[in-house]
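Novice: Okay, handing you the structure first.
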Amino acid sequence: MSYRELTMIEIKEVLRRWSAQQSLHQIARETSLDRKTVRRYVQAAESLATLVPISPGGIGTQQALLVYTLRGSAARSALVAFSVGMKLTLTCVNVIVGFAAILLTLRTLRFRGASDPDAAADTS
């Protein structure tokens, strides 16, 4: 069998069909591509989604997993909106707790004693 480079249009079509929940076998049959080739491009897309998520917290991967896991039980847009809302809420809570911990640490730290050894000896 001869080697043939796929065009960007063919690759996008494979990934579009895969995101529409078509099986690899069905994609291969309908696009006249080898099943292994289809699987290779789908695996590359999946690995890129985990290596380069939409945000540093991996929200793109989490959304994809949520949509895949709960497919059929709710609309995709509702699932993605729910996932984004959860992630934003969790991020806000983490930021608030982090700043509270920093402020508590700074409040209990004695700066005068840390910067001036004579003043630290006087208070001891």
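The values are calculated or read from the model by the stated rules, or taken from the named source; none is laboratory data. What you see is a predicted model; the values in this text were computed from it and never measured. Here Cβ is always computed from backbone atoms with ideal geometry, including for glycine, and neighbour counts include all displayed protein chains.
Novice: Kindly check whether there is at least one residue in region 42-49 that is at pLDDT 80 or above and out of contact with any Lys or Arg (no Cβ under 6 Å at 6 or more places or on another chain).
Specialist: yes
Novice: Give the residues of region 59-114 that are part of a loop (DSSP other than H, G, I, E, B), among the charged types (D, E, K, R) and either modelled with pLDDT of 75 or more or within 15 Å of SER19 (Cα to Cα) (or both), sorted by residue number.
Specialist: Residues satisfying the conditions do not exist here.
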